[in-house]
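Right, one structure below, let's go through it.
Nothing in this text is a laboratory measurement; each read-out follows from the coordinates by a stated rule. Quick caveat: nothing in here was measured; it's all calculated off a predicted structure. Note: ideal-geometry Cβ built from the backbone for every residue, glycine included; neighbour counts use all protein chains shown.
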Amino acid sequence: MVRNQSGIGHLVLFLLVLVVAVGGLIGLRVISSDKKSESSSSAASSQTSADKQSGKIDKIDSSKLAFDKPAATSDPFNDKKGPFYHDVYVASSTDGVHFSNSQQQIISKASVPDAIKLPSGQLVIYAVDGGQRSVSGLLVAVSEDNGKTWQAGSLQVKTSRTAYSVGADPQVLLTDDGKLRLYYLVFTGPPTSGQPPASVNKVYSATSTDGINFTEEQGVRFEYAQITDPDVIKIGATWFMYAAQGSTQIYATSSDGSSFTYKGVTRQKGSVSKTVALSDGKYRQFYCADGISSSATADGVSWTDEGVNLAVAGKIICDPSPVQLAADNWLLVYKLAN
């Protein structure tokens, strides 16, 4: 009887030791898993912090969007063809070439829109503020739902220049270091009603890490007689800037995207463009000619016309800016006027 009790005691002791050992192993695995999870979270947090410190922009904080002042109730320049009478619309496409007009107005009293999709998928438009709500003369609008709804506010530009506005005809791109660079035209003074610019115009640039507040870079990117609407893109190792001289399109090139040199005429009829990269390695340029038309290129110099992409009867349609949402989903932002 004593032997049996002793055997039972040993068995109980063995089972207790086994339970403690298994519990310890489970505890170690849980602790190890928690540490890995903490390490992973810490790494993700560190990466987010690193992105902020490096100045990379993922999206614009829409809660910080606001206009500097109320919209003007009358045209300050008395120009019936000016941006006070322009509105920004959007069209859609499944192939990036042929667009259907949805008649969807997204910004009133705005002109020369330029669109970009940020890394987060947020859509952003920079445009001339025809409503005179912005001290800079420019506005920014964002969409979180692929262009269905938009929220707008004033664009801020820190500059040492003094002028009636900071600039016009904005065009934006994402730099290799994750910032936004905005190219824009600077006139020598307010435009004369119904007349094209008669002087040498200059293209400046500014950079931003939040998409709202920009700091103007030193120097002039390009200057040439009677140019408007800069369109900048890198093709291969060369930067191209296309600009309008009325209905004629000219182009200049640069090795660094900072200092451009005039090269020649792209086309005699068809200007005010936006050029985008395609998945097949080519580039498509949208421009104003009998509505909105496009041409394709592999080198930025030789172009193949593709015809008219979008036209609206009885309206002036111009300043096209396409953005690709998915493989078979494109939006085209543009200006519409009477």
Which aspartates and glutamates, if any, have their Cα less than 12 Å from the Cα of K69, not counting same-chain residues under 8 positions apart?
D129
Around E306, which amide H atoms from residues at least 5 apart in sequence, or from another chain, sit under 5 Å from its own amide H, with H modelled in the peptide plane?
S294, S295, A296
Sort the stretch 62-337 into rounded, prolate or oblate with this rule: let a ≥ b ≥ c be the square roots of the eigenvalues of the Cα gyration tensor; rounded if a/c is under 1.5, and if a/c is not under 1.5, prolate when a/b is larger than b/c, oblate otherwise.
rounded
Can you return the aspartates and glutamates within cross-link range of K56? Criterion is Cα-Cα under 12 Å, with same-chain partners fewer than 8 residues away left out.
D176, D177, D210
Between the stretch 95-154 and the stretch 237-303, how far is it from one alpha carbon centroid to the other, in angstrom?
22 Å
Approximate spin-label separation H98-D58, in nm, with each point projected 7 Å along Cα-to-Cβ
4.0 nm
Just to be sure I understand the model, the point goes 7 Å from the Cα along the line to the Cβ. What's the resulting F77 to Q105 distance in nm?
2.0 nm
According to the square roots a ≥ b ≥ c of the eigenvalues of the Cα gyration tensor, what is the shape class of the stretch 276-338, taking rounded for a/c under 1.5, prolate for a/b larger than b/c otherwise, and oblate for the remainder?
oblate
Linear extension gain, S279 paired with A326, 0.36 nm per residue minus alpha-carbon span:
15.8 nm
